[in-house]
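Colleague: What follows is a single structure, and I will ask about it in a moment.
A short reminder: the numbers here are calculations on the coordinates, not readings from a lab. Predicted model only: the values in this text are computed from it and were never measured. Here the Cβ is made from the backbone with ideal geometry for all residues, glycine too, and neighbour counts use every protein chain on show.
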Amino acid sequence: MYAIVEIAGQQFKVEKSRKVYVHRLKNEEGSNVSFDNVLLVDNDGDVKVGAPKVDGASVSAKVLKHLKDDKVIVFHKKRRKGYAVKRGHRQFLTQILIEDINF
């Protein structure tokens, strides 16, 4: 059983007892969160597709921790012009544990 859920503007395929890294959520660590924007639910071959979302479906999860992703290097260069800029950033993430898929 799995579901396609929109979390923080991105779509994720989630299954029960699976850990997922999503963009930073405002919830505290250890708190429970529910996502109502379920786009698809597959229950062992019984597929329900929403238009745009499945009515009455939700995914409940627990916030495990907040962390930062690996550094991403952004390098710009224009050849023969003497221009080179090196920048980088680390994305803020939240690790969640999918507890249940309700439909």
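Colleague: Which whole-Hz couplings ³J(HN,Hα) result when phi for each residue of the stretch 85-91 is put into the Karplus expression 6.51 cos²θ - 1.76 cosθ + 1.60, θ = phi - 60°, listed in order with x for Gly and Pro?
Modeller: 10, 10, 10, x, 7, 10, 6
Colleague: A further question on this structure: With N set to the residue count of the stretch 3-95, report its C-alpha Rg divided by 2.2 N^0.38 Å to two decimal places. Show your work: numbers first, answer last.
Modeller: Values: Rg = 18.7 Å, N = 93, 2.2 N^0.38 = 12.3 Å.
Ratio of Rg to 2.2 N^0.38 Å for the stretch 3-95: 1.52.
Colleague: Now for a different question. Gain in length, ASN102 to SER31, computed as 0.36 nm per residue apart minus the alpha-carbon separation, to one decimal in nm? Write out the running numbers ahead of the final one.
Modeller: Details: separation 71, 0.36 × 71 = 25.56 nm, distance 1.85 nm.
Separation in residues times 0.36 nm, less the Cα-Cα distance, equals 23.7 nm.
Colleague: Could you give the nm distance between label points at TYR21 and ARG80, where each point is 7 Å from its Cα heading toward the beta carbon?
Modeller: Here the modelled spin labels are 4.1 nm apart.
Colleague: For the chain, modelled as a GNM with alpha-carbon contacts under 10 angstrom, which of ARG24, ARG90, ARG79 fluctuates the most?
Modeller: ARG79
Colleague: Let me ask something additional. Once the Cβ-Cβ distance between LYS53 and PHE92 is put in as r, and R0 is 25 Å, what FRET efficiency do you end up with, to the nearest 0.05?
Modeller: On the way: r = 26 Å, r/R0 = 1.05.
The value I calculate is 0.40.
Colleague: Right, another one. Using θ = phi - 60° and the Karplus form 6.51 cos²θ - 1.76 cosθ + 1.60, what ³J(HN,Hα) does each residue of the stretch 14-20 get, whole Hz, x for Gly and Pro?
Modeller: 10, 10, 5, 6, 10, 8, 9
Colleague: Continuing with the same structure: Assuming R0 = 35 Å, what is the FRET efficiency of ASP70 and ASP46, from their Cβ-Cβ distance, to the nearest 0.05?
Modeller: Numbers: r = 39 Å, r/R0 = 1.10.
With a Förster radius of 35 Å, E is 0.35.
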